[in-house]
Every structure is written in structure tokens, then in C-alpha cells.
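**Q** Sharing a structure below in C-alpha cells format, with a few things to ask.
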Amino acid sequence: MIQVTHLKKTYSNGLEVLRDVNATIQKGEVISIIGPSGTGKSTFLRCLNLLERPSGGSIVVDGQDLMSSKTNVPHLRQKMGMVFQNFNLFNHMSIMDNLCIGPVKLLGKSRKEAEQRAIELLEMVGLAEKAKAMPSQLSGGQKQRIAIARCLSMEPEIILFDEPTSALDPTMVSEVLGVIRSLAQQGMTMVIVTHEMRFARDVSTRIFYMDQGIVYEEGTPEEIFEHPQKERTRVFINRIRDYCYSIHSPKYDLYQLQAGMMQFCQRYFLSQPVQFRVQLLTEEVLQLVPLDKGEVDLALRYSEKNETVSLELLMPVGIVSVLKDKSRQPDELSMSIVEGLCSAMTEVVEDYPEGPRVRVQFELAKI
Amino acid sequence: MKGITKPFVCLLLCMLAACGAKQEAEQLPVYRTLDDLNGRKVAALTGCFQEAIIEKEYPEVEVLRIDNAADVVQALATKRCEAVVLDDYIFLYHSQTVKGLDYLEKPLVTATMGFCFGKNKNVELRLKFNDFLAKIKADGTYDEIYDRWMYHANEAEMPDIPLPQDAEPIRIATCSTSPPLDFIRNGKLVGFDIELATRFAQYVGRPIEWSDMNFASVIPALISGKHDMIVAAVNITPARAEAIDFSDPYFECGSLIGIRAENSAKQAAETNVGGKGILQGVKDSFYLNVIEEDRYLMIWNGLKLTALISLLAALLGTLLGAIVCWMRMSRHASLRSVASLYISVMRGTPVLVLLMLMFYVVFAGTTIDAVTVSIITFGMNFAAYVSEMFRSSIESVDRGQAEAGVALGFTPVQTFFHIVMPQAFKQVLPVYKGELISLIKMTSIVGYIAVQDLTKVSDIIRSRTFDAFFPLLMVALLYFILAWIFASVLDFIGKKAR
């Protein structure tokens, strides 16, 4: 359906974003493009419908060369929907008008036909009751779902998603991903630039890992996430996300700590039970550690590849060992809860420039 | 409207009361000769020959230059100057109406007046006029005209002088603010000069196309070729004779130094402070300035003209502004710089200067009338301002909106009209409204090129009724109402569009 060969894009300031991109997209595929920031993922996507003009190479869509002056680009774009990071709903129109303007003005549908289809689409994205609302009255997640519906109103053959959840609050990400997931199930051809690794893994038929201006490695989700062949892919896939918090005294802000942890969990789509266990583990561990003996650094770590969560504490050596010296535990109950939550616990002393510190690690058991 | 009416009326009454208040008596100087006026303010008509004489011979006198004779007399009556220098017939005419004036016995100089023709142009017409003048002086017609306008100007009627309509008209520039030679009564040009010129037109068998303009503009208008002759009580001076050709003198006059009676050696002080009530005063003013001589017709026509010029200039300017805006935002550097240059030139030039340039230079050789020139000039000026408003409002629409439109399959042009423009329109409306209102007020200068708009009408009325206060206030109110109507229409369009 789309054949990209030797695609190049250099900006007028000399920045070379795409060096040599080659890719083929077949009908019915769901392709996720992942990779570090600034490697041209969005630029590549925007080249596909000529929002950015490539500096070289060719893009052939259904046998038509996109760069040829004979090609009717606006017409091709009608079959190629795009969902933006910032939604870009038409601010001066109601939701209904947003969904009808394309079909009426471009596809020549009657207003009535267009409205009928719009209502179907609104029902599909779960926002039928918002038909009369203005875009400014909607939340980010709702706006993005409307944007997807607007795309669908043009009956496209493929939809390009440009980081559809990056501008959203963590709480609203899942509603948008839910809609995209259901589109995938219906067999819609899609290309999705995303940072949501787990989503990419679940929904895609193929993954493009982009780095250094090229499609560095491509394969099925399993190939890319389980057995990446190349070094940079491996580093990217195995990178660990973390959330750190320093406790300076027993009067630390527990609510701030908890809120930060919850936000972290939501960003990486840890399930509700996992979130609950993280919260419980943190509370109980902090019961075991005396906080008046010096600074305690706390880190919540998440490995996207292994999907493992662990809690780490870095403490002054003066504190009596948490794990080994069980007899001195002031709270037997806390200890048993912690043991119940964790699959592994380690404790090591490490040397730092300012002196040795104890690192204690609790690995959360998988549910 | 309702909220502001009350304070407005209060203000009006206070001002009327202040006008009627008696001046405090004080030791007043007595003027006997021009020498007594050294170091004092003396008013004269802008560009009149007496002005030059005073400047040369009495350098210590401070000359106040005013554009029309009625205002010169008013300046004296309202104590903004100590004396005035005017042609004797004009001063005597005005002092019939404005009480409490006197003049110094010794006239300054005598002068003659002539009709003016372009230098070495229309020689034939000029010679014909000289023949005509000699003829009517011989057969007594001249004396008849003289008697009518010099001694009975207030009740004189213009005789009916039929002119052929099919011949090429003589284009005559005049200035209707110098009664009894040239003035407007019952909405028609009348006076000594006017009758003389009309009779002349009958003599040569051609109709007349009158242009009523400021005195300061008549000579430039003639030189630019817009007119064939000037009939506007122009004194014959050597300086003028270098630029234009004069006919034989058709009128002789002296000059007078006018003063207030209270400063007169004759002490024939007879002041005109009436004990009228305020309401009666307003009523009288209204009658005098609006009803008498059907002046409301003239006011109505002036109002229509102001509205017409404002409306068409706004339409033209909006269209032109859109084009300039498009050029300014173009990808081509050359179009962009042309647009920038246009905007900075238009914004950097006083619109009055631009108006005069357009009328006397750019369109000098054409037959385009002054109203059209005004519309074009104000349209051009308006375009420069609104184009920048358009640009900033278009730029204020998020780029993502246009991208979304294009991505949906609209062409860039469709995207602009369906997506960007409606959003920019909402942004630009409030500032556009302000600019439109300022355009309406700006058109008040079209009198300079002989368009009889609302402001010019008030000048004409003031020159006849010697009431500065009422006509000006009335015109201010009419401008306010006009601006309010325009703004309301725009608000209505804005609401409709939403």
C-alpha cells in the first residue's frame, strides 16, 4: 500500500532528520514506530502525507508517486487520515460540525448523511452525547477521541497517529488507546508513533525501531521486544524507568511521595493491583526504616522489557540492617507484609565518595 | 445611548450658561491706529494679501491665520484676538450680524479682485470675460448686481439665469465662505461673484460645474488643471499673478482693521448680551442653524456623503487590505517587501497630505470627482492599517488548525477559507471596529478637496449664522451617531457569522 524508498529530509537549517528511510506498509497492518526522541519518527510520519516535503527519495501510495507534480495530493490525503499530538480540532465548530465538514465539503455527502455517520462514529468512540459541544468544553482524552472520529468520517484507508497520547494526562491515556485498540481489531491499517511501549507491543503487527535517521531495526513485537538483534535497540528496549524521592526527615511529605508514585505507575500502565501493592510496599518499608538518622533516597524502578517493578532504598550505614537483623525489628507485622509482597530482597553496602551507604532492594512479586 | 444622554445634556447646559455669563468689566485699552496693536494678536485670512502687508510693515503684530472670514470675525468677537484685518465689504457684511464690533477709520490699502485662470491656459475664456465685464459695466447690469449683493445681501434673491445643459461645462472652483461675494443660502451657492460668473456662463453659452473648496485650496486646484477658473473673491497680487492669470479687476475693495467696540475710541459700546433663558437660547440656535433656509437638507446631504465615503472607503480598504495582507504573508520576498513598503508609507504619511496629493497631483489631469478621490485615498489608508490586523489575527490561529485541515484533504486555499479565516475573523472584529470608527471621523478632512461633507457643512453654516457652538456640537453628535450605527452593524454581522 505504501512503499517508501531512500527517504531523506533535511531542514533548511541543515539539520538532517531522515537519512535513508526504507519501509513498506501493507494493507491491514498496524505499525508502531518507536525510538528515542529526535530520531525523526514524527517527521517520517508527516512525510507520508506530505505535511513535510521530503528532500529526497520516493513515497509511492497505491501506485501513485507522492512527489510527482501530477499527483492530486489533497485527494490522496482524504484516504489517509491523521491524528495529531495536539488534537487540532477545529475550535470554531461544534463537534458535529468537526465531523461533518470533511464529508460534506470534500466527499460531497449530504448534510443529513454526514450527520448520520457522525453519530455512528461518536457512538463508537463513546462521545455521542457531546455532539453539540464545542471543542473547548472537552477534556484532552475526549478531544483526541473526537479527532479519531473526525479522521474516520472521511472513510480513510489508513490512519497515521502522531504521538496521540503524548499531550494527555496519564489518567486519560487509556481511553484513547482503547479506541485505537478497537480500530486495530477491526482491521484498520494504522501507523502509530508512540512512546507507550506496552501498547505498541500489544497492538502492533510490526514495530519499526527508528534511530539515527533510519529504520534501525524492524520486526514483529516479539522480535523487537524479546530478541532485539542490534545493540542500540537492545539498550532502548531494556532501559529502566525510575522515580526518585529523597527523604530528609521523619516529617517528609507522604502525600507528595504517593502522588508521584501513582503518576509514575499510570504513565507506564501498571495495573490497579500493581499500583496498590507499590503503595503498600512503600508504606510498610518506610515503617521499617528509622528516618531520623540521615537522608534516605527512595527509588521506584520499572523495567519496560521485563515488566518488573522494584523499590530501592539507599541509606546511611549507621542504620541497623533491615533484612538481616530480624530480632530488632520494631514491627513484625510490617516485615511479614513486605515479605509477602516481594519476590526477592537484597541488601548490599556500597562505597560512595562521601562514604559507604546501604542499598536495599525489594522486587515486587508478579501477580 | 440612554446612559450617556443625561451627562451630555448637563454639559451642554453648563457650556451655554458659561457663554451667556457677563464678562467682568475692566480697564480696556483704546486702539486708534495699527501702531496701537503692536505686540497684540491680529487675525487675518490665511493667504490673504493683508497678511503679507502686516507682517512686513508691522513686524511686532502677532498674526493669527484663520481659514474663513466668519471664523476671523468670531475670533474677534470671542476675544481670541484684539483686531482683525479683512476686506471692507466682508467686515461690514459680518458686522451687520455680529454686534459690538467697530473698525479703525484709516483703511489699510485698497485692493482689486479678479477671476483667475490657469497661467497661459484658457486665454480665450479670460478675454471673453474681460469683454463681458466691459459690456455689463456699460449697460448697467453690473451696478444692478452690485446693489443687490452689497446693500441687500440678507434679503437678496439670485435671479433665474438659465444655462444650456448640453455644452461643455466651465469647471469653476469657489469658496463659499466669503459672503456677500460667495456663500450658501437655502443650500444653493449665491452672491455677487456667483451671479457674475453665472451671467458670464450664459454669455458664453456653457453650463457651470461648481467645486466648493477651502480658500487655501482654490489656487492649487486651478494650477493642477482640475478647474478652468476661480471665482472666489481672490485679490490680485503680483505674487499670485506669477502663478496664475487674472481677469480685469471686477471688484474693488479696501481693507479694514476691525476691533471690538469696547476698544474703540468712539466708545459706541452697544453690546449684545441678551437675557434669554437657556432653553429659549437652544431653541433659537436650533432654528437658526437647522431650520432656517432649510439647512437641515444641507446637513442631511453632508451626513449622507460622510456615510457614503466612510462605507465605500471601508469596503475598498478591506478588500485592498486583504490583498496587501496576502502579499505580506506570501512566500515571495519581493511581494512581501512591496507590501511592507506600502504599509509603512501609508502609515507614515498624514492622511490629509495624502488626500491633497491624490487630488492635486495623482488625479489632477483626470475627470475623477473629489468624492471618488476621497474614497480611494481613505481606502488606501484604511487598507494599510487593516492588513496588519488581518495578518496578526491570521497568525494568531494555531498552525495545527491549518495542518489538520490539509491533512483532512482540503487544499491550502479551502483550508484558509473553511478553517483559518472564520477563526481569524472572530479575532479581528473588535480591532477592526475601532479602526472603522476612526475612519469615519478621519473623513472630516474631505472639505479640503471641495467635498461638502458633514464637517464642511458645519463650516458653511457657521459662516452664515456666526454661531460656533451649536453647529459644532450638532456635528459632533451626528458623527457619534454615525459611528454608533456602523459599529452596531458590524456587531450584528459578527453575531450572524457565529
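**Q** Any idea what the alpha-carbon Rg over 2.2 N^0.38 Å comes to for region B:294-497?
**A** In units of the 2.2 N^0.38 Å rule of thumb, it is 1.19.
**Q** How shielded is A:150-157 by partner chains, expressed as the average number of their Cβ atoms within 10 Å of its Cβ atoms?
**A** Averaged over the peptide's residues, the number is 1.
**Q** While we're on this one: Would you work out which of A:14, A:114, A:83 lies farthest towards the positive end of the dipole of region A:1-139, given +1 charges on the beta-carbon of Lys and Arg and -1 on that of Asp and Glu, about the Cα centre?
**A** Result: A:14.
**Q** If I take every Cα pair under 8 Å that is 6 or more residues apart in region B:26-111, average their sequence separation and divide by the length, what percent do I get for the relative contact order?
**A** Reported as a whole number, the value is 31 percent.
**Q** Another question, then. Grab the DSSP H runs of chain A that are 4 residues or longer, score each as -39,500 (n - 2.57), total them, divide by all residues and round the 222 nm result to the nearest 500 deg cm²/dmol.
**A** -11000 deg cm²/dmol
**Q** For the pair residue A:107 and residue B:497, what calculated FRET efficiency results from E = 1/(1 + (r/R0)^6), where r is the Cβ-Cβ distance and R0 = 35 Å, to the nearest 0.05?
**A** For R0 = 35 Å, the calculated efficiency reads 0.85.
**Q** Sticking with this structure for a sec: Taking the Cα atoms of region B:115-234 alone, what are Rg (to one decimal) and Dmax (as a whole number) in Å?
**A** That works out to 13.7, 39 Å for Rg and Dmax.
**Q** Hand me the trypsin sites (Lys or Arg not before Pro) from region A:91-191 located in a DSSP loop with no more than 16 other Cβ atoms within 10 Å, in residue order please.
**A** Hits after loop and neighbour filter: A:132.
**Q** When the dipole is taken about the Cα centre of region B:26-111, and only Lys, Arg (+1) and Asp, Glu (-1) are charged at their Cβ, what size is it in debye, to the nearest 20?
**A** 180 debye
**Q** How much length is gained if the chain between residue B:62 and residue B:110 is pulled fully straight, taking 0.36 nm per residue apart and subtracting their Cα-Cα distance, in nm to one decimal?
**A** Stretched fully, the residue B:62-residue B:110 segment lengthens by 15.1 nm.
**Q** Separate question: Find the Cα radius of gyration of chain B, compare it with 2.2 N^0.38 Å by division, and give the number to two decimals.
**A** That ratio works out to 1.15.
**Q** Also: Which is farthest toward the positive dipole end of the protein assembly as shown among A:151, B:207, A:221, measuring Cα position about the Cα centre, with Cβ charges +1 (Lys, Arg) and -1 (Asp, Glu)?
**A** A:221
**Q** Expressed as cubic angstrom per residue, what is the convex hull volume of the alpha carbon set of chain A?
**A** 178 Å³
**Q** How far is helix B:192-204 tilted off the main Cα axis of chain B, in degrees rounded to 10, range 0 to 90?
**A** The angle comes out at about 80 degrees.
**Q** For region B:319-474, give the magnitude of the charge dipole about the Cα centre (Cβ charges: +1 Lys/Arg, -1 Asp/Glu; no others), in debye to the nearest 20.
**A** In debye, rounded to 20, region B:319-474 gives about 140.
**Q** Percent relative contact order of chain B, based on C-alpha pairs within less than 8 angstrom and at least six residues apart?
**A** Worked out over chain B, it gives 18 percent.
**Q** In peptide A:88-96, what is the residue-averaged number of other protein chain Cβ atoms found within 10 Å of each Cβ?
**A** Across the residues of A:88-96, the mean count of other-chain Cβ atoms within 10 Å is 5.
**Q** Only Cα pairs under 8 Å and at least 6 apart count here; give the relative contact order of region A:171-276 as a rounded whole percent.
**A** Worked out over region A:171-276, it gives 16 percent.
**Q** Mind pulling the angle between the C-alpha long axis of helix B:454-465 and the longest principal axis of chain B? Nearest 10 degrees, somewhere in 0 to 90.
**A** That works out to roughly 20 degrees.
**Q** Just want the answer: with Cβ charges of +1 for Lys and Arg and -1 for Asp and Glu, which residue in B:255, B:227, B:190 is farthest toward the dipole's positive end in chain B?
**A** B:227
**Q** Could you put A:92, B:418, A:227 in order, starting from the residue whose Cβ has the fewest other Cβ atoms within 10 Å?
**A** A:227, B:418, A:92
**Q** Can you sort B:361, B:84 by how many other beta carbons sit within 10 Å, fewest first?
**A** So the residues, fewest neighbours to most, are B:361, B:84.
**Q** Could you tell me how many degrees, from 0 to 90 and to the nearest 10, lie between the Cα long axis of helix B:370-395 and the main elongation axis, the longest principal axis, of the Cα atoms of chain B?
**A** Value to nearest ten degrees: 30.
**Q** Something else about it: Between residue B:146 and residue B:322, what is the FRET efficiency for a Förster distance of 60 Å, r being their Cβ-Cβ separation, to the nearest 0.05?
**A** 0.55
**Q** Rounded to the nearest 20 debye, what is the charge dipole size of the protein assembly as shown about its Cα centre when +1 sits on each Lys and Arg Cβ and -1 on each Asp and Glu Cβ?
**A** Rounded to the nearest 20 debye, it is 1680 debye.
**Q** Taking a label point 7 Å from the Cα of residue A:240 along the Cα→Cβ vector, which residues of region A:345-367 have an amide N closer than 18 Å to it?
**A** Counting only backbone N, you get A:345-352, A:357-366.
**Q** Going by C-beta contacts inside 10 Å, put B:465, B:411 in order with the fewest on the left.
**A** Ordered by Cβ neighbours within 10 Å, fewest first: B:411, B:465.
**Q** Follow-up. Given a Förster radius of 35 Å and the C-beta distance between residue B:337 and residue A:157 as r, what FRET efficiency does 1/(1 + (r/R0)^6) yield to the nearest 0.05?
**A** 0.20
**Q** Okay, next question. Treating only the Cα positions of the protein assembly as shown as identical point scatterers, give the base-10 log of I(q)/I(0) from the Debye formula at each q in 0.05, 0.07, 0.11 Å⁻¹.
**A** Those come out to -0.56, -0.77, -1.26, one per q.
**Q** A further question follows. Which trypsin sites (Lys or Arg not before Pro) in region A:224-315 sit in a loop by DSSP (not H, G, I, E or B) and have at most 11 other Cβ atoms within 10 Å of their own Cβ?
**A** A:251
**Q** Now, a different point. Using the C-alpha atoms of region B:26-111, what convex hull volume per residue, in cubic angstrom, is computed?
**A** 96 Å³
Read-outs: derived from the displayed coordinates by stated rules, not from any lab. Keep in mind that what you see is a predicted model, and the values were worked out from it rather than measured. Reconstructed Cβ throughout: ideal geometry from the backbone, glycine too, with neighbour counts over all protein chains shown.
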